[in-house]
1. Between residue A:133 and residue A:106, what is the spin-label point distance in nm, taking each point 7 Å from the Cα along the Cα→C-beta axis?
2. Give me B:3, A:31, B:78 ranked fewest to most by other Cβ atoms within 10 Å of their Cβ, as a rough exposure proxy.
3. Which whole-angstrom value gives the distance between the alpha carbon centres of region A:74-101 and region B:34-93?
4. Assuming R0 = 51 Å, can you tell me the calculated FRET efficiency for the pair residue A:57 and residue A:8, based on Cβ-Cβ distance, to the nearest 0.05?
5. How far is helix A:23-54 tilted, in degrees, relative to the longest principal axis of the Cα atoms in chain A, given as a value from 0 to 90 rounded to the nearest 10?
6. Over all residues in A:29-41, what is the mean tally of Cβ atoms on other chains that come within 10 Å of each residue's Cβ?
7. Taking each residue in B:83-90, count the Cβ atoms of any other chain within 10 Å of its Cβ, then average. What number comes out?
8. Which whole-number percentage describes the relative contact order of chain A, with Cα contacts under 8 Å and a sequence gap of 6 or more?
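Read-outs throughout are calculated quantities, based only on the coordinates presented, and are distinct from any laboratory measurement. Remember, predicted model here, so these are calculated numbers, not experimental data. Heads up, the Cβs are rebuilt from the backbone with ideal geometry, glycines too, and the neighbour counts pull from every protein chain shown.
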């Protein structure tokens, strides 16, 4: 130990792994990490668009890649991430959207959140119905 | 006074986040699980003829473009803003990488979708 550090060693709290200190931070980190799944899914889709433009053989190759167990695992991770994203997106929404007043009172944040989740369920049912209609 | 460009990126982030929250989960389920493995939907739903026709239709083309591009802008903006949390400065290089990546995905989607034709 040299003279300088022995004379004065102020305590500096390490920021290493800060997000593991509090459950609130862990929820925050999980929410921010969903961005990687959204990005990766966007890349999977844009590769699909490229293959579609290249013709039938290329497209079938992309479809075959989607049937691999690794792709299934990847999409299960995507699925979990999108659920976390949808859940947190509408939880934060009362704080990010412009203030809404009903009868002179701030609108209850829970109503905004539940409306959002309801919209997600409605949109999901509509998409799935569209897919069922498309294959018939 | 120089105008900030951040409202543009914030708007793209918000629009992409909203689409991801509303449609993302079911889209992943349909394109990545249900159709490839034939669970609840037929693998034929995404055959070449159907998907090519879907991408030629202007509604289908617009839907694919908006989903791909806005998901990319949403994700890249969020990743850029989170860099600070893991101790990386949100400098010019970080901005160029993140927004450049989103722009690249957007351009590829636009060019290829136009190449598929109408």
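1. 4.1 nm
2. In order of increasing Cβ crowding within 10 Å: B:3, A:31, B:78.
3. The two parts, judged by their Cα centres, are 17 Å apart.
4. Values: r = 70 Å, r/R0 = 1.38.
In this case the efficiency is close to 0.15.
5. The angle comes out at about 40 degrees.
6. For peptide A:29-41, the averaged partner shielding equals 6.
7. Details: counts 0, 0, 7, 5, 3, 0, 0, 0.
Average per residue, whole number: 2.
8. Values: 50 pairs, mean separation 24.9, N = 136.
It rounds to 18 percent for chain A.
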